[in-house]
1. With the requirement that a residue be of a type in the set (A, V, I, L, M) and either under 12 Å from D148 (Cα atoms) or modelled with pLDDT of 80 or more (or both), what does the stretch 183-201 give you?
2. Looking at V199, V158, V189, can you tell me which residue is touching a His at 6+ places or on another chain (Cβ under 7 Å) and not in a loop (DSSP other than H, G, I, E, B)?
3. Being closer than 24 Å to R196 by Cβ, open to solvent by 70 Å² or more (accessible area, probe 1.4 Å) and among the acidic types (D, E) narrows it down to one of E64, E115, so name that one.
4. Find the residue count for the stretch 4-29, including only residues that are in a strand (DSSP E or B) and surrounded by 17 or more Cβ atoms within 10 Å (Cβ to Cβ).
5. Suppose the filter is modelled with pLDDT of 95 or more, open to solvent by less than 40 Å² (accessible area, probe 1.4 Å), closer than 23 Å to E115 by Cβ and within 20 Å of the chain's Cα centre (by Cα); does V51 pass it?
6. Restricting attention to the stretch 164-193, which residues are open to solvent by 60 Å² or more (accessible area, probe 1.4 Å) and of a type outside the set (A, V, I, L, M)?
7. Being free of Cβ contacts under 8 Å to residues at least 12 places away in the same chain and either part of a loop (DSSP other than H, G, I, E, B) or not assigned by the TED database to the domain that holds A119 (or both) is the filter; apply it to the stretch 67-98 and report the residue that is surrounded by the fewest Cβ atoms within 10 Å (Cβ to Cβ).
8. Scan (1) open to solvent by 30 Å² or more (accessible area, probe 1.4 Å); (2) out of contact with any Lys or Arg (no Cβ under 6 Å at 6 or more places or on another chain); (3) modelled with pLDDT under 70 for the single condition R44 breaks and write down its number.
Amino acid sequence: MIRVLVADDQAMVRTGFGMIIGAQPDMAVVGEAADGVTAVELARRLRPDVVLLDIRMPRLDGLEALRLLAGPGVTDPVRVVVVTTFDLDEYVHTALRNGACGFLLKDSGPALLVEAVRAAVSGDALISPSVTVRLLEHLSTPAPARDDGGLSPRELDVVRLAARGLTNAEIAARLFIAVGTVKTHLASVQAKLGARNRVEIAAWAWERRLVG
């Protein structure tokens, strides 16, 4: 059973997300929070598999709560998917840097929300397709073009496609390799780059303009 904590200052949103999660046979909402402080407290106490976290919340905003739960230096990070109304570049940039396992807009729909939860649990990540390229393109000043992170040509192929938002199955089909091989390549890439998830791999690729 995938245990989910929902943190949003709007009761209707929490109820809606709860209904979507509760409708899945292998998911359950184990807690709700209406502000960032409560979200952090519940996440640390309940240790859910995934936290759905809004950005604009009272007492402590979602980005700071995210940093406390999954940011650099956190020894036992919680998997967090940011779900927000606002697709500002600065929000996504900060969310990725603070360890988010996904970034969704609230109008993305139930199917994408469920997919994001499953992706987070499996160590993958999902960003709303409508904002992926635009947001990742502008993460920061690009590094030198020759910086390939020590990745092999095949690993770079996989990284470029992952940075475009393709799933493992789509990458496998595009490169004519097995899905298991894609996972192996991504695991190797994470180790070489010191990246914690697929989102950080994508950010690395966009920063270095490896995605044409």
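1. L186, A187, V189, A191, L193, A195, I201
2. Testing whether each residue is touching a His at 6+ places or on another chain (Cβ under 7 Å) and not in a loop (DSSP other than H, G, I, E, B) leaves just V158.
3. Within the list E64, E115, the selection yields E115.
4. Result for the stretch 4-29: 6.
5. yes
6. Selection gives R164, E170, R174, F176, K183, T184, K192.
7. Filtering the stretch 67-98 for residues that are free of Cβ contacts under 8 Å to residues at least 12 places away in the same chain and either part of a loop (DSSP other than H, G, I, E, B) or not assigned by the TED database to the domain that holds A119 (or both), the one surrounded by the fewest Cβ atoms within 10 Å (Cβ to Cβ) comes out as T75.
8. Condition (3) is where R44 drops out.
The values are calculated or read from the model by the stated rules, or taken from the named source; none is laboratory data. Values in this document were obtained by computation on a predicted structure and should not be read as measured data. Here Cβ is always computed from backbone atoms with ideal geometry, including for glycine, and neighbour counts include all displayed protein chains. Note: areas computed on protein heavy atoms with side chains; ligands, DNA, RNA excluded. Shrake-Rupley method; radii C 1.70, N 1.55, O 1.52, S 1.80 Å.
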